[in-house]
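Written below as structure tokens is the structure these notes are about.
The values are calculated or read from the model by the stated rules, or taken from the named source; none is laboratory data. Just so it is clear, the structure is predicted and the values come from calculations on it, not from any experiment. A quick note on method: Cβ atoms are made from the backbone with ideal geometry, for glycine too, and the neighbour counts reach across all protein chains shown. Surface accessibility is based on the protein's heavy atoms, side chains included, excluding ligands, DNA and RNA. Shrake-Rupley method; radii C 1.70, N 1.55, O 1.52, S 1.80 Å.
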There are 2 protein chains.
Amino acid sequence: MMLRSLWRSPAFSFSYYANLDLSCPYPSFQARDLTTTHTMHYITKPPCDPKIMTFGAFHTDHLLEIDWSEKMGWSRPQIVPFKSFSIHPFSACLHYAIECFEGAKAYRGPNNSIRTFRLNCNMYRMKQSAKRLSLPDFDGAELERCIEQLLKVDRDWIPDRQGFSCYIRPTLMATEEALGVRASSRAKLFVALCPVGPYFPSGLKPVRVFCNISTIRSAPGGVGGYKVAGNYAPTVLPLKEVQKIGFHQNLWMLPDGLVQEMGVCNLFFFWKNKQGERELVTPILDGTILPGILRDSILELTRSMGKFKVIEKKLYIQEVVEAIEDGRMIEMFGSGTAVSIQPIEAIGFNDKIYEVQYDSKLNAGELSHELFDILTKIQTGGEEHKWIKSI
Amino acid sequence: MMLRSLWRSPAFSFSYYANLDLSCPYPSFQARDLTTTHTMHYITKPPCDPKIMTFGAFHTDHLLEIDWSEKMGWSRPQIVPFKSFSIHPFSACLHYAIECFEGAKAYRGPNNSIRTFRLNCNMYRMKQSAKRLSLPDFDGAELERCIEQLLKVDRDWIPDRQGFSCYIRPTLMATEEALGVRASSRAKLFVALCPVGPYFPSGLKPVRVFCNISTIRSAPGGVGGYKVAGNYAPTVLPLKEVQKIGFHQNLWMLPDGLVQEMGVCNLFFFWKNKQGERELVTPILDGTILPGILRDSILELTRSMGKFKVIEKKLYIQEVVEAIEDGRMIEMFGSGTAVSIQPIEAIGFNDKIYEVQYDSKLNAGELSHELFDILTKIQTGGEEHKWIKSI
């Protein structure tokens, strides 16, 4: 009996999304069993105004709902009119945060088509999160098909305007109706949609991030590499605190300065190394940071460009600061589904503020701007691409 | 502007419950505004059988409910028939685990009285958890009064039998109906009750705990010192894993061996130190472990006994193992509201199992048994005590 190696937080390689095994070892729900109940009361759609159609503020007419119980397995998937859930006060999701979620986007394509961007990667990551919380596993390809049906039913909600999209929020939560910290014998999977405008009306907008050395988001052996609900609540107060002193987000690190991520974004640094070579550097997936799908896409895109070195490594804040002080830092940016590319103009660390110049016309550095453009074209440009599924 | 010390995880001293400031800087709900709607459909009570009346399985006829919104503040407290909640699919509690809870117990006393045990300490801790998650603060004394009313309304549910009690579960959750990681503009506080039998029908039962060196519960800078929902979900899978190899719980440590707590219990070690003196040792409240109310009670009780040293300190697993190997370990036990005292008979660490003898008649060591007896007498013995409020 090997006690020592019983359970280990996986050390993810950069090929997290290389082998997308979406299968499930036991019977999953099937998209062919999906039933749809159309709403009788269509909701008035908000105007396509970035100031009104903000992230997460509106939902569409329907949602997808699939229940699971230990005894009965998965129920048939149902698309139903958007509604509130009836949740027992003892539900495990309310007390022990046995719940995980995903964030993806769909876009309008030519001829009234709907384009999803790497939704299979979200399905894969959600399966990993579910397993980590002892929530039921499912066939990710089947869930993707069900989501495609939901997108079709709510097709009119997908904004037909540049920079706008339909955010997809799959959620899986424990609904055991008894107290006690243990694997839930019941669960609910649901998928809701919300129409969203561009994160910043101007397209890109550099932010100031604060290096938080007193609060951590995640540590080795924890669940920072999974998209589980409990990773988010502790970040709310530190965010409020840094916003009070003029920053937009926290940069999360370990106490020794190991750089992890910033609020809901993976991090990228584009610098000249000490040998004068240009490098794009991002923290390696060590199990403490979220394996971002846009992160993975940026790595592949920049590697295929072949213009500079692209490196995943253990990265320390001291290296970042030194590169800025030496004038070697070219650009800094974050990446995330909600924001796409997020240029960074300043880092606050140890009572100092380190600023990096950016092109004030582009509101970003050249590379950030180029990547934002490439990604936007892939997502909304109407052309075929291996990351796009047109439905 | 001091960037460095903007936010700091508090280093709790052992006097966590010494100054129970339960006040609230802004208007709180008031117990005098409480309204009660009695149920029309009384639920059949389960029999007082420890095998049936298990932890968290049954709820009483009513619950206490108080809503909050940024605009309106706290609503009037209401005792209503037990019911499920209608929860919007975008609710912040379901996605970001912005939710915290408490666990306390009430007991039957003489003349049909109800006895609560240090419920004011739970109120204090819940206020700290709420503030850490940017949930609304409240007057803890007012909540305690509301809970007392709920206990009176459901008085018949409090079992009148030795070893049985009424578990009190206050919960506070974010109900913002929009996606986005930020402080919630809406929240719901509710308190539910459940009748519970003794954790083990035999009173005490030693367990085997596994020193988990690959998975952590909490790290410095995290929220392990608060009773927030997100601390629990990640422990479910590691618990299943160790149960497969014959252990009952995980012992949580940091990678360097710093001992924290075991599954839902604080830890105590009663040993002879290298000078041959008897010591009761427990990990110090460093912000990574839960400030248990029973932990605090045991420290006060044993200090007042004056029979041996009582020490809170940074404790390493290597010291624990060495004491067992040297034959200096007298007893090991955990403490928690649900289980009271939890004797430990064995620790699995680094491929070895370290066992400690216990009195097989008592099913515990002498000190564990004595503490269990003292606490049980205070809680259910019918006598006045500063930790008991009789209502």
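Before we move on, is A:PRO10 open to solvent by less than 60 Å² (accessible area, probe 1.4 Å), out of contact with any His (no Cβ under 7 Å at 6 or more places or on another chain) and either more than 14 Å from every other protein chain (Cβ to nearest Cβ) or at pLDDT below 95 (or both)?
yes
Every residue in the stretch B:173-196 that is more than 10 Å from every other protein chain (Cβ to nearest Cβ) and either open to solvent by less than 10 Å² (accessible area, probe 1.4 Å) or more than 12 Å from B:ALA97 (Cα to Cα) (or both), please.
Once the filter is applied, which keeps residues that are more than 10 Å from every other protein chain (Cβ to nearest Cβ) and either open to solvent by less than 10 Å² (accessible area, probe 1.4 Å) or more than 12 Å from B:ALA97 (Cα to Cα) (or both), the stretch B:173-196 yields B:SER185, B:ARG186, B:ALA187, B:LEU189, B:LEU193, B:PRO195.
Which residues, counting only those in the stretch B:77-102, are among the small types (Gly, Ala, Ser) and either buried (at least 22 other Cβ atoms within 10 Å of the Cβ) or in contact (Cβ under 8 Å) with a residue 12 or more places away in the chain (or both)?
B:SER91, B:ALA92, B:ALA97, listed by residue number.
Looking at the stretch A:112-131, which of the residues that are open to solvent by 10 Å² or more (accessible area, probe 1.4 Å) and within 14 Å of chain B (Cβ to nearest Cβ) is nearest to A:SER297 (Cα to Cα)?
Per the criteria, the residue is A:GLN128.
Test A:VAL242 against the stated conditions and say whether it is of a type outside the set (Phe, Trp, Tyr), in contact with a Lys or Arg (Cβ under 7 Å, 6 or more places away or on another chain), outside any strand (DSSP E or B) and modelled with pLDDT of 95 or more.
For A:VAL242, the condition - of a type outside the set (Phe, Trp, Tyr), in contact with a Lys or Arg (Cβ under 7 Å, 6 or more places away or on another chain), outside any strand (DSSP E or B) and modelled with pLDDT of 95 or more - is not met.
Going through the stretch B:346-391 one residue at a time, which ones are within 25 Å of B:GLY109 (Cβ to Cβ) and among the charged types (D, E, K, R)?
Hits for the stretch B:346-391 are B:GLU370, B:ASP373, B:LYS377, B:GLU383, B:GLU384, B:LYS386, B:LYS389.
Scan the stretch B:86-110 for residues that are touching a Lys or Arg at 6+ places or on another chain (Cβ under 7 Å) and assigned to a strand (DSSP E or B) and jot them down.
B:CYS100, B:PHE101, B:ALA106, B:TYR107
Restricting to the stretch A:64-83, what's the tally of residues that are assigned to a strand (DSSP E or B) and in contact with a strand residue (DSSP E or B) (Cβ under 9 Å, 6 or more places away or on another chain)? Reasoning before the result, please.
First pass over the stretch A:64-83, keeping only residues assigned to a strand (DSSP E or B): A:64-69, A:73-74, A:78-81.
In the following step, the residues that additionally are in contact with a strand residue (DSSP E or B) (Cβ under 9 Å, 6 or more places away or on another chain) were identified as A:64-69, A:74, A:78-81.
So the answer is 11.
Take A:GLN149 and tell me if it is assigned to a helix (DSSP H, G or I), within 14 Å of chain B (Cβ to nearest Cβ), surrounded by fewer than 23 Cβ atoms within 10 Å (Cβ to Cβ) and of a type in the set (S, T, N, Q).
It is false that A:GLN149 is assigned to a helix (DSSP H, G or I), within 14 Å of chain B (Cβ to nearest Cβ), surrounded by fewer than 23 Cβ atoms within 10 Å (Cβ to Cβ) and of a type in the set (S, T, N, Q).
Need the failing condition index for B:ASP160 against (1) open to solvent by 10 Å² or more (accessible area, probe 1.4 Å); (2) more than 30 Å from B:PHE138 (Cβ to Cβ); (3) more than 8 Å from every other protein chain (Cβ to nearest Cβ); (4) modelled with pLDDT of 95 or more, just the number.
All conditions pass for B:ASP160, except number (4).
Mind listing just one residue for me: the one in the stretch A:337-374 that is of a type in the set (S, T, N, Q) and in contact (Cβ under 8 Å) with a residue 12 or more places away in the chain and, of those, nearest to the other protein chains (Cβ to nearest Cβ)?
Checked the stretch A:337-374; the qualifying residue nearest to the other protein chains (Cβ to nearest Cβ) is A:ASN350.
Out of the residues in the stretch A:259-284 that are open to solvent by 60 Å² or more (accessible area, probe 1.4 Å) and in a strand (DSSP E or B), state the one that is nearest to A:LEU367 (Cα to Cα).
Only one residue fits best here, namely A:ARG278.
Suppose we filter the stretch A:306-339 for residues that are surrounded by fewer than 15 Cβ atoms within 10 Å (Cβ to Cβ) and either part of a loop (DSSP other than H, G, I, E, B) or at pLDDT below 95 (or both); how many remain?
5
Here are some conditions: (1) under 30 Å from B:PRO198 (Cα atoms); (2) without any contact (Cβ under 8 Å) to a residue 40 or more places away in the chain. B:MET72 meets all but one. Which one does it not meet?
Every listed condition holds for B:MET72 apart from (1).
Could you look through the stretch B:29-63, keep only residues that are open to solvent by less than 30 Å² (accessible area, probe 1.4 Å) and in a loop (DSSP other than H, G, I, E, B), and pick out the one that is nearest to B:LYS127 (Cα to Cα)?
B:PHE29
Based on this model, can you work out whether B:ARG208 counts as in contact (Cβ under 8 Å) with a residue 12 or more places away in the chain, in a loop (DSSP other than H, G, I, E, B), farther than 21 Å from A:ASN250 by Cβ and open to solvent by 20 Å² or more (accessible area, probe 1.4 Å)?
Criteria not met by B:ARG208.
Taking the stretch A:232-251 as the search range and keeping residues that are touching a helix residue (DSSP H, G or I) at 6+ places or on another chain (Cβ under 8 Å) and open to solvent by less than 10 Å² (accessible area, probe 1.4 Å), which one is farthest from the other protein chains (Cβ to nearest Cβ)?
Here the residue is A:LEU251.
Can you tell me which residue is farthest from the chain's Cα centre (by Cα) among those in the stretch B:285-305 that are among the charged types (D, E, K, R) and assigned to a helix (DSSP H, G or I)?
Ranking the candidates gives B:ARG303 first.
Is it the case that B:GLY348 is in a strand (DSSP E or B), over 30 Å from B:ASN122 (Cβ atoms) and at pLDDT 95 or above?
Here the answer is yes, as B:GLY348 does meet what is asked.
Taking the stated definitions as given, is B:LYS71 closer than 30 Å to A:PHE58 by Cβ, within 13 Å of another protein chain (Cβ to nearest Cβ) and open to solvent by 40 Å² or more (accessible area, probe 1.4 Å)? Let's see the steps before the verdict.
Values: closer than 30 Å to A:PHE58 by Cβ: yes; within 13 Å of another protein chain (Cβ to nearest Cβ): no; open to solvent by 40 Å² or more (accessible area, probe 1.4 Å): yes.
It is false that B:LYS71 is closer than 30 Å to A:PHE58 by Cβ, within 13 Å of another protein chain (Cβ to nearest Cβ) and open to solvent by 40 Å² or more (accessible area, probe 1.4 Å).
Working carefully through the options A:GLY203, A:GLY221, A:GLY225, find the one that is assigned to a loop (DSSP other than H, G, I, E, B) and within 10 Å of chain B (Cβ to nearest Cβ).
The conditions single out A:GLY221.
Would you confirm, using the coordinates I've provided, whether A:LYS309 is farther than 30 Å from A:ILE114 by Cβ and among the basic types (Lys, Arg)?
Yes: the conditions hold for A:LYS309.
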